[in-house]
Amino acid sequence: MEGGSRAPGDGRMIRVVIVDDQHLVRAGLRMILESDPDMTVVGEAGDGRSGVEVVSRAAPHVVLMDVRMPVLDGIEATRLINASGSGTARVLMLTTFDLDEYVHAALRAGASGFLLKDAPPEQLLAAVKVIAGGDALLDPAVTRRLIEQVVRRDVQSDPALRLALTELTDRETDVLRLIARGLSNAEIATDLFLGEATVKTHVGRVLAKLGVRDRVQAVVAAYESGLVTPGADDAHPPLG
């Protein structure tokens, strides 16, 4: 789904399942999602176990998954969904908690994104589209907390990663800086005045040259290499 909000490859609307133990939260999420003409909610569940079953039946493109739920929590439910190997469901974790252990556990379980519940509606809709399009996404604030947990402020730059950075072109280095800020491909494209397809190509090359599996590992590499400094907020050098 390059630059669009349709489900990848099939021309249909983005199918979403909502898994949250609070009825009012599910109702609010449904209202926001169905305000977008390219999205449809195909199922809901109030606990992780039921969520796994609904996902199996409804075959969504994206699952909005709460972390803390009865019967089975969202992290274990995410692990089961990804372990099933069926369907194309990608999980976007939603929580009021931005604690590092939840982020780590969710990513290990195979979540494709992590967003705080107090994010504005337009950010939620954008996140669903990013996830449905095959990209990973972390809330920028969560990204910073994750990195500051993983990368100690007194750890010196990793020389192996510094060497790997020399393999990046100037444009690929610009892209990596923006990935480290938590930007999506669409946001990077806007920032650098590029097409999303071009950005996606750059991201793929960055991952390959750094020898990392996904965007989250690329973020860690950006900090561990010293390219980006923890605590520097969103500041970055002018991009050319």
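Can you give the FRET efficiency for Ala197 and Asp118, using 1/(1 + (r/R0)^6), R0 = 41 Å, r = Cβ-Cβ distance, to the nearest 0.05?
Values: r = 32 Å, r/R0 = 0.79.
E between Ala197 and Asp118, to the nearest 0.05, is 0.80.
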Filtered hits (lysines, Cα-Cα < 21 Å from Lys117, offset >= 8 within chain) -> Lys129
Where a ≥ b ≥ c are root eigenvalues of the Cα gyration tensor, a/c under 1.5 meaning rounded, otherwise prolate if a/b exceeds b/c and oblate otherwise, the range 6-74 counts as oblate
Under 5 Å from the placed amide H of Phe114, counting only residues 5+ away or on other chains, we find Met93, Leu137, Leu138, Asp139
Highest mean packing first, using Cβ neighbours within 10 angstrom, the peptides 14-27, 199-212 sort as 14-27, 199-212
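Which order do the peptides 29-35, 59-65, 182-188 take when ranked by the mean count of other beta-carbon atoms within 10 Å per residue, highest first?
Details: 29-35: 15.6, 59-65: 26.4, 182-188: 21.4.
With the highest mean Cβ count within 10 Å placed first, the list reads 59-65, 182-188, 29-35.
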Partner lysines whose C-alpha sits under 24 Å from that of Lys209, ignoring same-chain residues fewer than 8 away, are Lys200
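How much length would be gained if the chain were fully extended between Gln22 and Asn82, taking 0.36 nm per residue of separation minus their Cα-Cα distance, in nm to one decimal? Could you put the intermediate results ahead of the total?
Working: separation 60, 0.36 × 60 = 21.60 nm, distance 2.37 nm.
This chain segment gains 19.2 nm when fully extended.
The numbers here are math on the coordinates, done by the rules we state, and not lab data. Bear in mind the structure is a predicted one, so any value in this text is a computation, not a measurement. No Cβ is skipped: glycine too gets one built from the backbone with ideal geometry, and neighbour counts run over all protein chains shown.
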